[in-house]
Amino acid sequence: MKKITQYLYIGLFLLMIGGGFVLNFGNLTEATKEAVEEYDYDAWSIIIENRFNDNFWNRYGFIEVNGTVHKILGQRQMNGMVKLNNGKLVSTVEYRDVSYSAQNVIDFYAKLEEMNVPYIYIQAPYDICKYDSQLPAGIEDYSNYNADVFLQLLSENNVPNMDLRECLHEDGMDHYDSFYKTDHHWTIETSFWAYTEVVNCISDILGEAPDSKYLDMGNYTKTTLEDAVLGSNGRKTGIVYAGLDDITMLVPNFETQVDLSIPEKDLYRQGDFEDAFMFYERLDGNNLYEMLQYNVYMGQDYACAVETCQNAPVDANILLIKDSFARPVSAFMGTVYSEVHCIDMRYYEGNIEEYIQSNDIDIVVMMYNPYMLTNEGAYKFE
């Protein structure tokens, strides 16, 4: 009976694929026409694929059917995603030679030393645990290996660094409970924990620390939305295959007076923590596939974002070179320091050294997750 059910689902899936081709034939024709008329031959295949996917009729419905079939058949891989033994979805990372990226950081640190600006590299964890990968047999991931080699190269060249993977382990936190099961990001609660680690590290370097209330989660209001998150990994497999995550948001219950400026978007927000840093429209429950709910903090990644705190307990200008993992972290930091300048090197086109000088930066903090080691452009500082 089980095999008959499986065959029925496979037949349904094949029927939908055939029907989908018929219904999307016009879409394919338009995509091909656009590629031929507006782009060079070498770009045709990419343009056609992108336009076809973007306008695919009932795309999310097809993803759900595909995910249902994969789940029924017990398949652990789908659309580039791998389902771990504990049910979490991940994207594995290939081996990378990290020497180029490490050397760039080493050279950057040397220049900062000449400028008399302190620096610390902070290694955020990946969603696959270094000590318990939970990977199916035969599947390999090099995210943690790449990060280990990278940190070793930094340490050998006396570049200050902190490994949050080890801190997470030493604090007895469950690695997989610290991440969303449908997304590669850590949870907001975990990002708050990381924020406290970062602030304590900065305090040790600058010799000035905020009042303990800023680092106590008990002084933050918790709001939990159940089954409200379909992460970037879950979007590729559908809700049936991946499930949904809860999201718990943390907002200070003490007074905050903060501003957020995003020059590239000509965006300026001010008020309290929620007014400036929270983008609640990202939590549209009717649009799980289109909205990335993790973006409720800070909205999205920007080349440059500047947070200013009018009642900051620590008078310091921080430069945070970051990826998306650091977005909630930066929001919490925005209540502690006079200024937090957030730079994403994947998009920033300015001169980082000139930026540091012109903004009187007191310390440079660089925090990346291991996946960033696949993007050498994020380590170019000239």
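The values are calculated or read from the model by the stated rules, or taken from the named source; none is laboratory data. Given the structure is predicted, the values throughout are model-derived calculations rather than measurements. Reconstructed Cβ throughout: ideal geometry from the backbone, glycine too, with neighbour counts over all protein chains shown.
Of the residues in the stretch 107-130, how many are over 30 Å from ASN85 (Cβ atoms), outside any loop (DSSP other than H, G, I, E, B) and not small (Gly, Ala, Ser)?
Initial filter on the stretch 107-130 (over 30 Å from ASN85 (Cβ atoms)): 107-121.
Filter again for outside any loop (DSSP other than H, G, I, E, B), leaving 107-114, 119-121.
From the residues that got through so far, the ones that are not small (Gly, Ala, Ser) too are 107-109, 111-114, 119-121.
The total comes to 10.
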Inside the stretch 243-290, the number of residues satisfying the requirement of being hydrophobic (A, V, I, L, M, F, W, C) and more than 18 Å from VAL329 (Cβ to Cβ) is 5
Residue check for ILE128: surrounded by 19 or more Cβ atoms within 10 Å (Cβ to Cβ) and more than 21 Å from THR374 (Cβ to Cβ) = no
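Could you list, in sequence order, all residues of the stretch 350-368 that are assigned to a loop (DSSP other than H, G, I, E, B), within 30 Å of GLY271 (Cβ to Cβ) and out of contact with any Leu (no Cβ under 9 Å at 6 or more places or on another chain)?
If we filter the stretch 350-368 for residues that are assigned to a loop (DSSP other than H, G, I, E, B), which is where we start, we get 350-351, 359-362.
So of that shortlist, the ones also within 30 Å of GLY271 (Cβ to Cβ) come out as 350, 359-362.
Result: GLY350, ASP360.
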Checked against (1) within 20 Å of ALA378 (Cβ to Cβ); (2) not assigned by TED's automatic domain parsing to the domain that holds LEU206, ASN85 satisfies every condition except (1)
The stretch 339-378, subset under 25 Å from LEU168 (Cα atoms) and among the aromatic types (Phe, Trp, Tyr), residue surrounded by the fewest Cβ atoms within 10 Å (Cβ to Cβ) | TYR371
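Has the stretch 110-117 got any residue that is outside the structural domain of GLY238 (by TED's automatic domain parsing), β-branched (Val, Ile, Thr) and either surrounded by 17 or more Cβ atoms within 10 Å (Cβ to Cβ) or under 15 Å from MET367 (Cα atoms) (or both)?
No, the conditions are met nowhere in the stretch 110-117.
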Unmet criterion (only one of (1) over 30 Å from LYS181 (Cα atoms); (2) part of a helix (DSSP H, G or I)) for ASP148 | (1)
Of (1) of a type outside the set (Phe, Trp, Tyr); (2) surrounded by fewer than 19 Cβ atoms within 10 Å (Cβ to Cβ); (3) touching a residue at least 40 places away in the same chain (Cβ under 8 Å); (4) assigned to a helix (DSSP H, G or I), THR196 satisfies all except one. Which?
-> (3)
For strands (runs of 3 or more DSSP E) lying entirely in the stretch 225-337, having 3 or more residues that are in contact (Cβ under 8 Å) with a residue 24 or more places away in the chain and within 17 Å of the chain's Cα centre (by Cα) picks out 245-252, 314-322
Is there a residue in the stretch 318-341 that is in contact with a Ser or Thr (Cβ under 7 Å, 6 or more places away or on another chain), of a type in the set (D, E, K, R) and assigned by TED's automatic domain parsing to the domain that holds THR374?
-> yes
Would you please list the contacts, defined by Cβ atoms under 9 Å and residues six or more apart or on different chains, that run from a residue in the stretch 160-179 that is without any contact (Cβ under 8 Å) to a residue 40 or more places away in the chain to a residue that is outside any strand (DSSP E or B) and among the small types (Gly, Ala, Ser)?
-> CYS167/ALA194
Of all residues in the stretch 223-281, which are among the basic types (Lys, Arg) and under 25 Å from GLN77 (Cβ atoms)?
-> ARG235, LYS236
Go through the stretch 308-350 and give me each residue that's closer than 13 Å to TYR297 by Cα and out of contact with any Cys (no Cβ under 7 Å at 6 or more places or on another chain).
-> SER324, PHE325, ALA326, ARG327, PRO328, VAL329, ALA331, PHE332, MET333
Among the residues of the stretch 247-268, is there at least one that is at pLDDT 95 or above, crowded, with 16+ Cβ neighbours inside 10 Å, in contact with a Leu (Cβ under 6 Å, 6 or more places away or on another chain) and closer than 24 Å to SER212 by Cβ?
-> no
Confirm whether TYR95 is surrounded by fewer than 16 Cβ atoms within 10 Å (Cβ to Cβ) and either hydroxyl-bearing (Ser, Thr, Tyr) or assigned to a strand (DSSP E or B) (or both).
-> yes
